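To start, the structure itself, in structure tokens.
Derivation of every value follows stated rules applied to the coordinates shown; laboratory data play no part. On a predicted model such as this, the values are computed, not experimentally measured, just so you know. Using ideal geometry, Cβ is built from the backbone for each residue, glycine included, and neighbour counts are taken over all protein chains shown.
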Amino acid sequence: MRLLLTGGAGFIGSHTSLLLLQRGYDVIIYDSFVNSSYKVINVIKSYLDSDGIDYKLKTIKGDIRDKSSLEKIFKDSIKEGNAIQAVIHFAGLKSVAESVKYPLKYWDVNVCGTKNLLEIMKDNECYSIVFSSSATIYGLTNAVPISEDQTVSPMNPYGKTKVAIENMLCDLFKSNMNLWKICSLRYFNPVGAHPSGLMGEDPIGIPSNLFPYITQVAIRRINLLKVFGDNWNTEDGSGVRDYIHIMDLSEGHIDAIGFLKSKKSIYESINLGSGKGYSVFQIIREFELSTGCEIPFLIEGRRDGDVAEYYADISKAERLLGWSPKRSLKQICIDGWNWQRNNPEGYT
Ligand code: NAD
Ligand code: WQD
């Protein structure tokens, strides 16, 4: 089965690509590499080569806003007699802070880019798509665990683009309910790395997220961690989130593709998280215990736009996809540290 992975060279896309190729899927990665390195493609290939796996992978550099380039991929696949049967749509911009500064850029890449992709899929009779949505769309919620039927109220332009895309997907489904198979996966906090230590998260510049920040403190690229608030209404006063191992998250995509394949038509939004909440202090403690690295920190004021606590209700993913996370927080820390220790400067 041939799949197109937009943004397939990114953090989540690269881990999912490798897993799909290991399971025998034929993969086309389409990525502009604005937030990823071509080196990850070579890592994927050499990993598969060393395992003696016969695989089918094409990588094409391009932007999802470039209609003719996207169109050519679909048409070429049809000509080869190997049409693209489904798309996993990771491509997009994901920084909350940047989206506040440059909202139009986010609406253009995320929303207009997705509209392009959907038009081309429709023109080429490819009707299955798994979309990378985000827990950020729930915004200020006070009922945890968060289930999919909770009202969405995104607090930043990035989150608003994800809601807009979900709405666009839902409208498209309703326009022809016998045709489209759509699954919006709402990720919580994807962290950790491939167990080989060969692939992981490689943020450009100073990380804005907790976990890559901690691994960079551990490798001493950064001196100390700033904990954004110790006076939240949580058990130890620090913010609580749902951290999910990147390998568990990647497996969720394989299950989502299988789910869509088994349906005549469908539209679903599904949370992918660990279903557990951990505080910043708990993460620091577990990282120190699992890796033996000391993480010096200081307490700072709260970060704008943060919420006290959120974690996912994952019963829908368990019920519909037959998926559940298998890896512990300890495994997240071990694998994340292994990646950072082997690649202190990431892919560069
Ligand atoms: P990432 O930045 O590592 O990957 C995104 C990929 O898309 C990158 O390789 C980038 O080069 C590519 N890309 C960006 N704009 C593009 C464009 N216009 N055309 C083609 N390619 C383009 O991010 P990620 O963490 O792997 O996230 C993947 C998806 O999941 C994103 O849509 C993101 O919004 C969503 N998501 C991520 C998280 C997270 O915390 N990592 C959480 C929830 C949702
Ligand atoms: C986690 C906790 C911080 C950094 C973000 C996006 C969201 C989604 C996932 C894409 C919070 C605290 C953090 C630091 C800290 N991405 N923290 N010091 O904010 O839950 O979600 O990533 O869709 O859209 O907003 O993740 O890792 O930034 O923060 O104390 O240097 O760690 O306050 O409590 P967040 P995060």
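With a cut-off of 8 Å between alpha carbons and a minimum separation of six or more residues, what is the relative contact order of the range 2-342 in percent?
Details: 671 pairs, mean separation 62.6, N = 341.
Value for the range 2-342: 18 percent.
For the chain, what is the calculated [θ] at 222 nm in deg cm²/dmol (nearest 500), taking -39500 (n - 2.57) for each run of four or more DSSP H residues and dividing by its residue count? The partial results should precede the final answer.
Details: 11 runs with 128 residues, N = 348.
Dividing the helical sum by the residues of the chain leaves -11500 deg cm²/dmol.
Distance in nm between label sites at Q282 and W107, each 7 Å beyond Cα in the beta-carbon direction?
Going from the Q282 label point to the W107 one covers 3.9 nm.
Could you tell me which of the pairs K160/K330; K58/K115; K72/K94; K39/K67; K58/K160 are separated by over 30 angstrom between their Cα atoms in the structure shown? Before the final figure, lay out each step's value.
Numbers: K160/K330 33 Å; K58/K115 23 Å; K72/K94 27 Å; K39/K67 26 Å; K58/K160 32 Å.
Going by Cα-Cα distance, K160/K330; K58/K160 fall outside the 30 Å limit.
Would you mind getting me the FRET efficiency between R341 and E98? Use the beta-carbon distance for r and R0 = 25 Å, nearest 0.05. Please report the intermediate quantities before stating the final value.
On the way: r = 29 Å, r/R0 = 1.14.
Efficiency computed from Cβ-Cβ geometry: 0.30.
Using a 10 Å cut-off around each Cβ, can you sort Y25, Y138 from fewest to most neighbouring Cβ atoms?
Working: Y25 22, Y138 25.
Least crowded to most crowded, the residues run Y25, Y138.
Give me the net charge of R319's neighbourhood, meaning all other residues with Cβ under 12 Å from the Cβ of R319; Lys, Arg count +1, Asp, Glu -1.
On the way: positive: K316; negative: E148, D255, E268, D313, E318.
Net charge around R319: -4.
Could I have the simple spin-label model distance between I219 and T151, label points 7 Å from Cα toward Cβ, reported in nm to one decimal?
With each label point 7 Å from Cα toward Cβ, the separation is 4.3 nm.
Tally Lys and Arg at +1 and Asp and Glu at -1 over the other residues with C-beta under 13 Å from the C-beta of I246: what net charge comes out? Mind dumping the intermediate values first?
Values: positive: K326, R327; negative: E201, D202, D248, E251, D335.
Around I246, the charge tally is -3.
Calculate, in nm to one decimal, what E300 and K72 gain on full extension: separation in residues at 0.36 nm each, minus their alpha carbon distance. Please report the intermediate quantities before stating the final value.
On the way: separation 228, 0.36 × 228 = 82.08 nm, distance 5.02 nm.
Working it through step by step, the gained length comes to 77.1 nm.
Between D230 and D171, with labels modelled 7 Å along Cα→Cβ, what's the label distance in nm to one decimal, could you check?
Label at D230, label at D171, 4.9 nm between them.
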